[in-house]
Amino acid sequence: MKIICNHRLRLLPFLAALLALGFSLPALGEDFQNPKAAIPPQAHQNRIAGAESFPPLPLPATPLRRTERRRPPAPPALVGKINLNIVDGKQVSAYPSVTLDIENLMNWTNAQLKLQYRYVETDLSKFSFQPTELPVLYITGWTPLPQLSEQTKEKLREYLMAGGTLVVHANCGRPEFNESFIKLQKELFPDRPMGWLPPDHPIYSCLHRIDQMRVRDGDAPWVATNKDQKHLLMGMNIGCRAAIIFSPVDISWGWDADKKPIIGGRLFDQGDSLKLGSNILTYVLANYEYARVFELTKIYHQADLATRDQLVVAQLMHNGDWDPTPHGLPNLLKFIDTNSTLNVQFKRQTVSLDDLVVYKNPLLYMTGLREFTLTDKEQKRLADYLQAGGVVFAEAAMGSETFDKSFRATILKIMPEAKFELLKPNHPVYTNVFKVTEVKYSPLVESIEPNLRQPQLEAVMKDGVPVVIFSHWSLSNGWEQLPNAYAKGYSDEDSLKLGANILVYTLTH
């Protein structure tokens, strides 16, 4: 028997895009009844103990006590389904939610990965907010989220910064839920906007390759939505990982659609939903170690010391997630100080093209994960800076295709005659501190380009001298020296050597 989902979403085909741009929507569907809410989840055991018998996992596991030998161990808990009926330790008016879908996704993903994980139910009052207890918190609903106290929001913020992940989606794609969650995200991280996860994001390829998702509005025909059209997942980054993963379209109905088919709402196809859901969990597992280590923020090298002979490395801020590798540049500066004979103090400073101080810096460093744009005023200032003899050194964090395209387009807009060309192997940038003729790449690059051995730095030349140096393959992920399964870049050692060569070359020529 199919269940009809009462809806008004045909009037909002571009809901996700509008929400991402900050448009406000009226509260709809006060009379909406979610058919999934009437179906109870399957009963399952909810034990906490871990198991020794499973393959090595990135989560802590507790061995059985002697008195428990005859009791089969419970798999480690990966996902915590948040019960929002209890907020800040108090029972609130019944918040409608369902749990019938997540268990099927867990079972399907476990079969794909040949591992054993489970989900548990918890609430924001009894949860420890430790990622080691539950790496993933899962929230869904179809009405506006209840208001959280500032204390709870601070705990949730700390949980995400400490390596936790928040996975959120709207039942039946309800706009009132989407609007309330976008508001909550802005309250949690006003300086970290959500954005559409770009087409080359590893979440679309880490287990199953996903080039498109079939989506349906109401009882209209299924339509294939390409990820290039920015209609799949949104995310908020902490470092180089998506710490918040958000689907404005109902993804969970497809995790159990065979048993509980639903017509209506804004829904993803079942097969596509299972693949995307398992990719999300795989992505979180692969990033678990990186997420936990990232919490240990390092002090910027020499940032507070009295200056002597000083060369400042200025990192350019922009509107495209400009600082995804905050530990990278400080590590590189320390490496240069330790491994060169330069009697110079290096110092990291952030600058904006809105500020005239940009002209005081001989070098501007840029990185990013997303598309970025410059205003007309910022474009003119950057053009004037290059014309006056400044140098821009940029590299794509994670090997981001989106940042790559955006950076090249920006340079070509302010320098129409510019050409990006590979630096020749004998260029002094490869030999001035360290001789770098062959390099190793990260495991992901080696799987894509197994025969690649040469460094691939590009430059825009002016009068025979580089004024722009660019690396498509990430350098800053290697500078950070953090375990990052999805980084497309150079090995840690070669990243540091190339980075040292580039900075010394540009700051001494």
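The values are calculated or read from the model by the stated rules, or taken from the named source; none is laboratory data. Remember, predicted model here, so these are calculated numbers, not experimental data. Cβ placement follows ideal geometry from the backbone for every residue including glycine, while neighbour counts extend to all protein chains displayed. To get the accessible areas, we keep the full protein, side chains included, count just its heavy atoms, and leave off ligands, DNA and RNA. Shrake-Rupley method; radii C 1.70, N 1.55, O 1.52, S 1.80 Å.
Observations, loosely collected:
- Cross-link pairs exceeding 25 Å in C-alpha to C-alpha distance, out of Lys183/Lys413; Lys81/Lys186; Lys81/Lys183; Lys360/Lys380; Lys114/Lys227, comprise Lys183/Lys413; Lys114/Lys227.
- Relative packing of peptides 176-188, 455-467 - highest average C-beta neighbours within 10 Å first: 176-188, 455-467
- Global geometry of the range 361-414, whether rounded, prolate or oblate, following the gyration tensor of its Cα atoms and the 1.5 cut on a/c: oblate
- Rounded if a/c under 1.5, otherwise prolate or oblate - the range 421-509, Cα gyration tensor axes: prolate
- Residues whose placed amide H lies under 5 Å from that of Glu121, excluding near-sequence neighbours: Lys81
- Per residue accessible area of the range 310-435, 1.4 Å probe, in Å²: 45 Å²
- Computed lengthening from Arg192 to Val293, 0.36 nm per intervening residue step minus Cα-Cα distance: 34.4 nm
- The Ser149 and Asp211 beta-carbon pair, evaluated with R₀ = 51 Å, returns a calculated FRET efficiency of approximately 0.75.
- With contacts taken as Cα pairs under 8 Å and at least 6 residues apart, the range 86-233 reaches a relative contact order of 18 percent.
- Judged by the mean number of other Cβ atoms found within 10 Å, the most tightly packed of the peptides 387-394, 500-507 leads the ranking 500-507, 387-394.
- Cα gyration tensor category, rounded, prolate or oblate, for the range 143-226 with a/c compared to 1.5: oblate
- For the range 235-244, the Karplus equation 6.51 cos²θ - 1.76 cosθ + 1.60, evaluated at θ = phi - 60°, returns couplings of x, 10, 8, 10, x, 9, 10, 7, 7, 10 Hz by residue, with Gly and Pro reported as x.
- What the phi angles of the range 498-504 give under the Karplus curve with 6.51, -1.76 and 1.60, with θ = phi - 60°, is a coupling list of 5, x, 4, 4, 5, 5, 5 Hz, glycine and proline written as x.
- Model label points for Ser491 and Asp384, set 7 angstrom from Cα along the Cα-to-Cβ axis, are 4.6 nm apart.
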